[in-house]
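Undergrad: Sharing a structure here in structure tokens format.
The values are calculated or read from the model by the stated rules, or taken from the named source; none is laboratory data. Just so it is clear, the model here is predicted, and its values are computed rather than measured. All Cβ positions, even for glycine, are placed from backbone atoms using ideal geometry, and neighbour counts span all protein chains on display. Only protein heavy atoms, including side chains, enter the accessible area calculation; ligands, DNA and RNA are left aside. Shrake-Rupley method; radii C 1.70, N 1.55, O 1.52, S 1.80 Å.
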Amino acid sequence: QLLRHAIEIDPEMSAQQISVPDTSGLDTRLALWMQLGDDTCSLFARSASLVHAAMQLMDGSEPYHSHSKVLLKEPHRGGAWEWHQDFGYYYNEGLLQPDKVTNVVIAVDDNTSRNGAMRFIRRSHTLGRVEHGIFGGQTGADPAMVTRAKSIRGFDEVELTLEAGDVCWFHSNLMHCSAPNTSAAWRRNLICVYNSRHNEPDPAMAAVS
């Protein structure tokens, strides 16, 4: 409730939102930031429980905050996120170790089939990084590779339904997407990304990408 209230009233959250079109032309909105302040979202990202969990998932490597974002799918018209791996973005910034960067999703609202819950391809993080291109206004995984991944035994597509307040960690190479929001309810998630201090991005590559 605290996080939801902060997202709804913080003028900075509204000011820095951008719209990203999917392949059908629908828009989904996000606000993204690199630096942590004293706002509520930043305090969530600094949470000792999240930072310690990130360290465990990195086999004890010291994590730092890479970036955070709030994804906002409006009722009835929030767009989809196409199939992608987050490491598909991070690799272009000069990161080389997908095991040393991890994402946590905090459900601000219930995530359901109707309002665009995330979908994963089980075990797809074991396939390594696949090529990414531009689909709609988004960076997405090669659709042919996504189809091949889903055809492998044991790599079935699963839906991640969440209740508000639930937390989910996932590997940076896990293929995931989400459908449009066709319901009357918001679907908002806070995602915090932690990277190891031993997996620094290459500033030259980041400038090019």
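Undergrad: What are the equivalent ellipsoid semi-axes of the range 57-114, built from the alpha-carbon gyration tensor (square roots of five times its eigenvalues), in whole angstrom, biggest first? Kindly include the intermediate steps, with their values, before the conclusion.
TA: Working: eigenvalues 148, 44, 20 Å².
Those come to 27, 15, 10 Å.
Undergrad: While we're on this one: Between Thr161 and Glu200, how many nm apart are label points set 7 Å from Cα along the C-beta direction?
TA: 4.6
Undergrad: Treating the beta-carbon of each Lys and Arg as +1 and of each Asp and Glu as -1, no other charges, what is the dipole magnitude of the chain about its Cα centre, to the nearest 20 debye?
TA: 500
Undergrad: What is the chain's relative contact order, in percent, from Cα pairs under 8 angstrom and six or more apart in sequence?
TA: Dividing the mean separation by the residue count of the chain yields 33 percent.
Undergrad: Further question: For the chain, set up a GNM with springs between Cα atoms under 10 Å and report which of Ala45, Ala144, Ala107 has the largest fluctuation.
TA: Ala144
Undergrad: Same structure again: Report the calculated FRET efficiency for Ala185 and Ser14 (r = Cβ-Cβ distance, R0 = 30 Å), to the nearest 0.05.
TA: My answer for the efficiency is 0.95.
Undergrad: Sorted by packing (mean other beta-carbon atoms within 10 Å per residue), highest first, where do 98-106, 49-57 land?
TA: 98-106, 49-57
Undergrad: Another one. Counting Lys +1, Arg +1, Asp -1, Glu -1, what net charge surrounds Val108 among other residues with beta carbon under 14 Å of its beta carbon?
TA: -1
Undergrad: Continuing with this model, one more query. Residue farthest toward the positive end of the dipole of the chain, with Cβ of Lys/Arg at +1 and Asp/Glu at -1: which of Leu127, Val193, Pro11?
TA: Positive-most Cα among the choices belongs to Leu127.
Undergrad: Return the loop-located GluC sites (Glu not before Pro) in the range 60-147 (DSSP other than H, G, I, E, B) with at most 14 other Cβ atoms within 10 Å of their own Cβ; answer none if there are none.
TA: Answer in residue order: Glu131.
Undergrad: Using the Karplus curve 6.51 cos²θ - 1.76 cosθ + 1.60 with θ = phi - 60°, work out ³J(HN,Hα) for each residue of the range 128-143 in order, rounded to whole Hz, and write x for Gly and Pro.
TA: Using θ = phi - 60°, the values come out as x, 7, 10, 5, 10, x, 9, 10, x, x, 10, 7, x, 6, 3, x Hz.
Undergrad: Using a probe of 1.4 angstrom, how much of the accessible area of the range 1-106 is carbon and sulfur, in percent? Walk me through the intermediate numbers first.
TA: On the way: 2800 of 5330 Å².
Taking all protein chains in place, the range 1-106 shows 53 percent carbon and sulfur surface.
Undergrad: Right, another one. Report the net charge of residues surrounding Asp38, where surrounding means a beta-carbon distance below 14 angstrom and charges are Lys +1, Arg +1, Asp -1, Glu -1.
TA: -2
Undergrad: For Lys73, give me every one of the aspartates and glutamates with a C-alpha distance below 16 angstrom, ignoring sequence neighbours fewer than eight places off in its own chain.
TA: Glu8, Asp22, Asp27, Glu82, Asp109, Asp110, Glu163
Undergrad: Nearest 20 debye, what's the magnitude of the dipole of the range 14-92 about its Cα centre given +1 on Lys and Arg Cβ and -1 on Asp and Glu Cβ?
TA: With only Lys, Arg, Asp and Glu charged at Cβ, the dipole is about 180 debye.
Undergrad: Okay, next question. Would you mind getting the accessible area per residue of the chain, heavy atoms of the protein chains only, 1.4 Å probe, in Å²?
TA: 50
Undergrad: Given the chain, report the % of alpha carbon pairs whose separation exceeds 29 Å.
TA: Here the tail beyond 29 Å accounts for 21 percent of pairs.
Undergrad: Then there's this: Please report the net charge: other residues with Cβ closer than 12 Å to the Cβ of Thr28, K and R +1, D and E -1.
TA: So the environment of Thr28 carries a net charge of +2.
Undergrad: How far is it, in nm, from the label point at Ser151 to the one at Gln56 when both lie 7 Å from their Cα along the line to the Cβ?
TA: 3.9
Undergrad: Choose one of Leu43, His67, Val101: the residue whose Cα lies farthest towards the positive end of the charge dipole of the chain (beta-carbon charges +1 Lys, Arg; -1 Asp, Glu; about the Cα centre).
TA: It is Val101, whose Cα lies furthest towards the positive end.
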